[in-house]
1. Can you spot a residue in the stretch 7-21 that is buried (at least 18 other Cβ atoms within 10 Å of the Cβ), in a loop (DSSP other than H, G, I, E, B), modelled with pLDDT of 95 or more and β-branched (Val, Ile, Thr)?
2. Applying the selection to the stretch 25-46, what residues are within 27 Å of ARG135 (Cβ to Cβ), touching a strand residue (DSSP E or B) at 6+ places or on another chain (Cβ under 9 Å) and surrounded by 14 or more Cβ atoms within 10 Å (Cβ to Cβ)?
3. So the check is Cβ under 9 Å with 6+ separation or different chains; which pairs have a first residue in the stretch 22-38 that's within 16 Å of GLU106 (Cα to Cα) and free of Cβ contacts under 8 Å to residues at least 60 places away in the same chain and a second one that's surrounded by fewer than 17 Cβ atoms within 10 Å (Cβ to Cβ) and of a type outside the set (S, T, N, Q)?
4. Take the stretch 120-150 and flag every residue that is small (Gly, Ala, Ser), free of Cβ contacts under 8 Å to residues at least 24 places away in the same chain and in contact with a Leu (Cβ under 9 Å, 6 or more places away or on another chain).
5. Return the residue satisfying two criteria in turn: it lies in the stretch 67-86 and is in a loop (DSSP other than H, G, I, E, B) and under 19 Å from PRO23 (Cβ atoms), and of such residues it is least open to solvent (accessible area, probe 1.4 Å).
6. Could you grab me the full set of residues in the stretch 126-150 that are closer than 22 Å to LEU87 by Cβ and part of a strand (DSSP E or B)?
7. Is it the case that the stretch 111-134 has a residue that's open to solvent by 50 Å² or more (accessible area, probe 1.4 Å) and either at positive phi or of a type in the set (Asp, Glu) (or both)?
8. Restricting attention to the stretch 47-66, and to residues there that are in a loop (DSSP other than H, G, I, E, B) and either among the acidic types (Asp, Glu) or within 20 Å of THR4 (Cβ to Cβ) (or both), which single residue is least open to solvent (accessible area, probe 1.4 Å)?
Amino acid sequence: MIRTAVVRDIAEVDAIMAAAFDPRFGEAWTRSQCVGILAMPGVSLMLAETDDGPAGFALVRRILDEAELLLLAVAPPHRGKGIGAALLRAVINDCRMMDTAMLHLEVRSGNPAVRLYGSHGFVQVGHRRGYYRSRDGLAFDALTYRLMLR
């Protein structure tokens, strides 16, 4: 089941993020960053739940007729079960219902999620060299993608 999440769900989101994002790449957000962005207009959070509890989430920001998928994560024990694809479809459907023209996202080069985005029609439109920095100072490229919704 995928439902709209709220600030009180941040502990579950934080736990999923800690498990899902490898600290080598510096992609995870802090709890205060998540809480702060949820207070902004146009931001929504979706939580995927299974019988075992929270399994994944998607964080989206909408501005006018465009949206950005800020974060999408699935806890490792739940990967390979279609939860990431279900979250992505929910985000796309929600954007279509809101008459969103374009959905953007950015992902680290080498992230296996690139295949998921491509299978849902996202097209690479940019490449930022050395954009992400790990805690130990290593740099990783960022790839930007766009999905035209109308």
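The values are calculated or read from the model by the stated rules, or taken from the named source; none is laboratory data. Keep in mind the model is a prediction, meaning the values are calculated, not measured. FYI the Cβ positions are ideal-geometry reconstructions off the backbone, even for glycines, and counts take in every protein chain you see. All accessible areas refer to the heavy atoms of the entire protein, side chains included, with ligands and DNA or RNA removed. Shrake-Rupley method; radii C 1.70, N 1.55, O 1.52, S 1.80 Å.
1. no
2. PHE25, GLY26, GLU27, ALA28, TRP29, CYS34, ILE37, LEU38, VAL43, LEU45
3. ALA28/ALA18; ALA28/ASP22; TRP29/ILE37
4. Step one: filter the stretch 120-150 for residues small (Gly, Ala, Ser), giving 121, 126, 130, 134, 137, 139, 142.
Still in the running and free of Cβ contacts under 8 Å to residues at least 24 places away in the same chain: 126, 130, 137, 139.
Within the stretch 120-150, GLY126 is the sole residue that qualifies.
5. Just the residues of the stretch 67-86 that are in a loop (DSSP other than H, G, I, E, B), to begin with: 75, 79-82.
If we keep only those that are under 19 Å from PRO23 (Cβ atoms) as well, we get 75, 79.
Numbers: ALA75: 11, ARG79: 121 Å².
Top of the filtered list is ALA75.
6. Start the filter on the stretch 126-150 by keeping residues that are closer than 22 Å to LEU87 by Cβ, which leaves 132, 142-150.
Correct list: TYR132, ALA142, LEU143, THR144, TYR145, ARG146, LEU147, MET148.
7. No: zero hits.
8. Here is the first cut: in the stretch 47-66, the ones in a loop (DSSP other than H, G, I, E, B) are 51-52, 64-65.
Next cut, either among the acidic types (Asp, Glu) or within 20 Å of THR4 (Cβ to Cβ) (or both) only: 51-52, 65.
On the way: ASP51: 163, ASP52: 132, ASP65: 62 Å².
Only one residue fits best here, namely ASP65.
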